[in-house]
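**Q** What follows is a structure written as structure tokens; I'll ask about it next.
The values are calculated or read from the model by the stated rules, or taken from the named source; none is laboratory data. Keep in mind that what you see is a predicted model, and the values were worked out from it rather than measured. No Cβ is skipped: glycine too gets one built from the backbone with ideal geometry, and neighbour counts run over all protein chains shown.
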2 protein chains.
Amino acid sequence: MDDRTTIPLDAETKVTERPDDHKTELRLWLRLLTCTTLIENEVRRRLRDNFDITLPRFDLLAQLERAPNGMTLGELSQRMMVSNGNITGLVDRLAGQGLILRRPAPNDRRVQIVSLTAEGRRFFRSMARENADWIGQIFSELSPGDISALMSALAKTKSSARKALDGGARR
Amino acid sequence: MDDRTTIPLDAETKVTERPDDHKTELRLWLRLLTCTTLIENEVRRRLRDNFDITLPRFDLLAQLERAPNGMTLGELSQRMMVSNGNITGLVDRLAGQGLILRRPAPNDRRVQIVSLTAEGRRFFRSMARENADWIGQIFSELSPGDISALMSALAKTKSSARKALDGGARR
DNA sequence: CCTATAAAGTTTAGGCTTAAAGTAATATCC
DNA sequence: GGATATTACTTTAAGCCTAAACTTTATAGG
């Protein structure tokens, strides 16, 4: 399964590790990514098969469901961690489906406010219920202790990552 | 921050929770996804700014670096958890850049084998070194104990998810 | 006021990604 | 050996996503 022993080694490709090769962190990152992708692909597939909708659209509806007064495109962009231009297209398509409504803000003519239509809310709720069941299945072998351990470890990771982002990059 | 109390409730939208609403699992999934996306976006940005390359291309090169004899497109597709058609395009572009080589398999004329060129290997290694440093930074506030806890929790999650996938869906 | 700057969205060009349909080669079964 | 099925990969159409350039509107400073 591991090809390491078959790699021919010469003087240049040294086996001796660098003092800080961050090997465990790399393995952790890989595992985190694999795990997330695995689940994400499955959620995507079920949304498509059962509701004929994409994950980004579902996510956008989920954001709106928690904002009774609607949200601006900019807020959506921030919360969903995607670009402004991306939101423009998503909102276009969802509005075309009649699931959301887009209206200008009263005070600022640059701003657009989007909110769920009655149909959008109904549709989202039926999806959300099934989605919760799928997620429950996927995590079903984790004990409550496992879950809370994972929660706090991820919280720590998030804060560590944010600190590295703010400090390390020129922003 | 939580708008729950402002939503008007009638007899139909009950507040009393369903016996199995999987609320904690949902929160866990959300946190997992947020955390991964945060890191992934940062890695993407740094790869672009520093090496003018995309994450999918970097990932493909990483797969090839571990396979001294090259890999078939099908193997790449499986390992990277993306579709076949996706790999076709990625390989086209990377071959166009001169970073990988694509040759027909000797025994089976359906099969294409791709492998790193010397330039591809050199380029990948220089990127990989910096990438490891970034990942190290990002996880730098986690203790060794945190890391191993996260590793094992993710392993458990992965196995739980796989079981739910194989069983729950018709596959 | 009026100019400069910033902010909210949109557009554009290009890459990533998928599902589904298609092509060519191989394997299987009688 | 010839029909059938499977496998490996490619193509196509459509959606997702980004960075960068752009338009329109609002805000600040003089």
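**Q** Taking the range A:48-104 as the region of interest, how many residues are polar (S, T, N, Q) and not in a loop (DSSP other than H, G, I, E, B)? Spell out the reasoning first.
**A** Within the range A:48-104, the first condition is being polar (S, T, N, Q), and the residues that meet it are A:50, A:54, A:63, A:69, A:72, A:77-78, A:83-84, A:86, A:88, A:97.
So of that shortlist, the ones also not in a loop (DSSP other than H, G, I, E, B) come out as A:50, A:63, A:72, A:77-78, A:84, A:86, A:88.
Here the count works out to 8.
**Q** Before we move on, is A:D10 at pLDDT below 95, at the interface with another protein chain (Cβ under 7 Å from one of its Cβ atoms) and closer than 30 Å to B:R121 by Cβ? If you could, list the steps in order and put the result at the bottom.
**A** On the way: at pLDDT below 95: yes; at the interface with another protein chain (Cβ under 7 Å from one of its Cβ atoms): no; closer than 30 Å to B:R121 by Cβ: yes.
No: the conditions fail for A:D10.
**Q** Then there's this: Mind listing just one residue for me: the one in the range A:131-148 that is of a type outside the set (S, T, N, Q) and not in a helix (DSSP H, G or I) and, of those, farthest from DNA strand D (Cβ to nearest atom)?
**A** Step one: filter the range A:131-148 for residues of a type outside the set (S, T, N, Q), giving A:132-136, A:138-139, A:141-142, A:144-147.
Of the ones still in play, those that are also not in a helix (DSSP H, G or I) are A:139, A:141-142.
Working: A:F139: 22, A:E141: 28, A:L142: 26 Å.
Once the filter is applied, the top-ranked residue is A:E141.
**Q** Return the pair list, or none, for Cβ contacts closer than 7 Å from residues in the range B:83-98 that are outside the structural domain of B:F58 (by TED's automatic domain parsing) to residues that are modelled with pLDDT under 95 and within 8 Å of DNA strand C (Cβ to nearest atom), at least 6 apart or on different chains.
**A** Short answer, once both residue conditions are applied: none.
**Q** Right, here's the next one. If A:W29 satisfies every condition in (1) of a type in the set (F, W, Y); (2) surrounded by fewer than 18 Cβ atoms within 10 Å (Cβ to Cβ); (3) free of Cβ contacts under 8 Å to residues at least 24 places away in the same chain but one, which is the exception?
**A** Against the list (1) of a type in the set (F, W, Y); (2) surrounded by fewer than 18 Cβ atoms within 10 Å (Cβ to Cβ); (3) free of Cβ contacts under 8 Å to residues at least 24 places away in the same chain, A:W29 comes up short only on (2).
**Q** Still on this structure: Test of understanding: among A:N69, A:N107, A:N86, which residue is at pLDDT below 95 and within 14 Å of DNA strand D (Cβ to nearest atom)?
**A** A:N107
**Q** Does the range B:106-120 contain at least one residue that is crowded, with 18+ Cβ neighbours inside 10 Å and in a helix (DSSP H, G or I)?
**A** Yes, because at least one residue in the range B:106-120 is crowded, with 18+ Cβ neighbours inside 10 Å and in a helix (DSSP H, G or I).
**Q** Now, a different point. I need a count of the residues in the range B:72-83 that are within 19 Å of the chain's Cα centre (by Cα) and near DNA strand D (Cβ under 9 Å from one of its atoms).
**A** Step one: filter the range B:72-83 for residues within 19 Å of the chain's Cα centre (by Cα), giving B:73-83.
Restricting the remaining residues to those that are near DNA strand D (Cβ under 9 Å from one of its atoms) gives B:73-77, B:83.
Residues that pass the stated criteria total 6.
**Q** So is B:A128 touching a helix residue (DSSP H, G or I) at 6+ places or on another chain (Cβ under 9 Å), within 14 Å of chain A (Cβ to nearest Cβ), assigned to a helix (DSSP H, G or I) and within 16 Å of DNA strand C (Cβ to nearest atom) or not? Before the answer, list the steps.
**A** Working: touching a helix residue (DSSP H, G or I) at 6+ places or on another chain (Cβ under 9 Å): yes; within 14 Å of chain A (Cβ to nearest Cβ): yes; assigned to a helix (DSSP H, G or I): yes; within 16 Å of DNA strand C (Cβ to nearest atom): no.
So B:A128 does not fit the description; no.
**Q** Continuing with this model, one more query. For the range A:134-158, enumerate the residues that are surrounded by fewer than 17 Cβ atoms within 10 Å (Cβ to Cβ) and over 30 Å from B:G136 (Cβ atoms).
**A** Those that are surrounded by fewer than 17 Cβ atoms within 10 Å (Cβ to Cβ) and over 30 Å from B:G136 (Cβ atoms): A:S140, A:E141, A:S143, A:P144.
**Q** Next up: State whether the residues of the range B:85-101 include one that is surrounded by fewer than 17 Cβ atoms within 10 Å (Cβ to Cβ) and within 12 Å of chain A (Cβ to nearest Cβ).
**A** no
**Q** Another one. Among the residues of the range B:47-76, what is the count of those that are surrounded by 18 or more Cβ atoms within 10 Å (Cβ to Cβ) and basic (K, R)?
**A** Number of matching residues: 1.
**Q** Something else about it: I'm told B:L55 meets every condition in (1) in contact with a Lys or Arg (Cβ under 9 Å, 6 or more places away or on another chain); (2) within 11 Å of another protein chain (Cβ to nearest Cβ); (3) over 24 Å from A:S83 (Cβ atoms); (4) within 13 Å of DNA strand D (Cβ to nearest atom) except one. Can you identify the failing condition by its number?
**A** Just one mismatch for B:L55, condition (3).
**Q** Hey, can you tell me all the residues within the range A:46-91 that are farther than 19 Å from A:E119 by Cβ and away from DNA strand C (no atom under 13 Å from the Cβ)?
**A** Once the filter is applied, which keeps residues that are farther than 19 Å from A:E119 by Cβ and away from DNA strand C (no atom under 13 Å from the Cβ), the range A:46-91 yields only A:M81.
**Q** Name the residue that is nearest to the other protein chains (Cβ to nearest Cβ), counting only residues in the range A:131-156 that are touching an Asp or Glu at 6+ places or on another chain (Cβ under 8 Å) and closer than 23 Å to B:W134 by Cα.
**A** A:A153
**Q** Can you name the condition, by its number, that A:V114 falls short on among (1) within 16 Å of DNA strand D (Cβ to nearest atom); (2) not assigned by TED's automatic domain parsing to the domain that holds A:T72?
**A** (2)
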